[in-house]
């Protein structure tokens, strides 16, 4: 689609599931996408009146000047995966972390204390003498919403549920839901999967067979299935939110200083 503003229709097929999800979640915030991040930023500034631009996945892009670099580290990831390709999945040397202004270690509530210490020590070794604030972050489920967002419900402890998702790290989603619910089954699809009516029919049939109380998916998956099933399908969308440690105050202050 070139340099484009994600339309209010939230078309996940045209724009991708993550852009469609963000556009739906923040309808009053102009959201642009494109392969050339510098060109996208220029295009945005030509068409919108904004004080600050948040750009995703641009830490390695030195052409796009930045006032603030935030790196998010997935605490549940194996440390070897942060090594550069092809050994791991990293796109640049680990020493690049020294360029960060803030580091957020995410999903610390889904790992053991020993694993968290291992991750924090790993970051400290990379930073060496460089001082970079490290903020810990947890994910939690605020509520469940119906596909049409008309209904909201809280999680019920030990409720039997079926999950389905197309994520890069489906285990993290399952572990989070298992903290309060009884996940009977998790139908896992590849990341960014485009669902068909047949897929949804199979999921609904499995839910009936396993006699679960409800079916739960993610916001990222929900934007791709709303046109495939009815509002009475008993599919609910987990509304996730982060809870950050007290150190986040310094990040808030930094962002506010940039906006002034």
Task: For the chain, share of DSSP beta bridges that run antiparallel, in % to the nearest 5 - done: 35
Task: Degrees, to the nearest 10: 113-127 long Cα axis against longest axis of the chain - done: 30
TODO: Return 135, 104 ranked ascending by Cβ neighbour count within 10 Å, so the fewest neighbours appear first.
DONE: 135, 104
TODO: Among 172, 88, 96, determine the one that fluctuates most according to a GNM of the chain built with springs between C-alpha atoms less than 10 Å apart.
DONE: 88
Open item on the list: Which of the three applies to region 1-63, rounded, prolate or oblate, going by the alpha-carbon gyration tensor with a ≥ b ≥ c and a/c under 1.5 meaning rounded?
Closed with: prolate
Task: Residue exposure sequence - 76, 112 - by fewest surrounding Cβ within 10 Å - done: 112, 76
- [ ] Mind running the shape call on the chain? Use the C-alpha gyration tensor, a ≥ b ≥ c as the square roots of the eigenvalues: rounded below 1.5 for a/c, prolate if a/b tops b/c, oblate otherwise.
- [x] oblate
Open item on the list: If the elastic network links every pair of Cα atoms under 10 Å, which of 69, 56, 191 fluctuates the most in the Gaussian network model of the chain?
Closed with: 56
Task: Anisotropy class of region 1-154 from Cα gyration tensor, a/c 1.5 cut - done: oblate
Open item on the list: Could you tell me the relative contact order of region 1-63? Use alpha-carbon pairs under 8 Å, at least six residues apart, and round to a whole percent.
Closed with: 31
Open item on the list: Using a 10 Å cut-off around each Cβ, can you sort 180, 224 from fewest to most neighbouring Cβ atoms?
Closed with: 180, 224
Open item on the list: I'd like the distance between the alpha-carbon centres of region 76-121 and region 159-183, rounded to an integer number of Å.
Closed with: 23
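Read-outs: derived from the displayed coordinates by stated rules, not from any lab. In this text, all values refer to a predicted model and were calculated from it rather than measured experimentally. All Cβ positions, glycine included, derive from the backbone under ideal geometry; neighbour counts span all protein chains shown.
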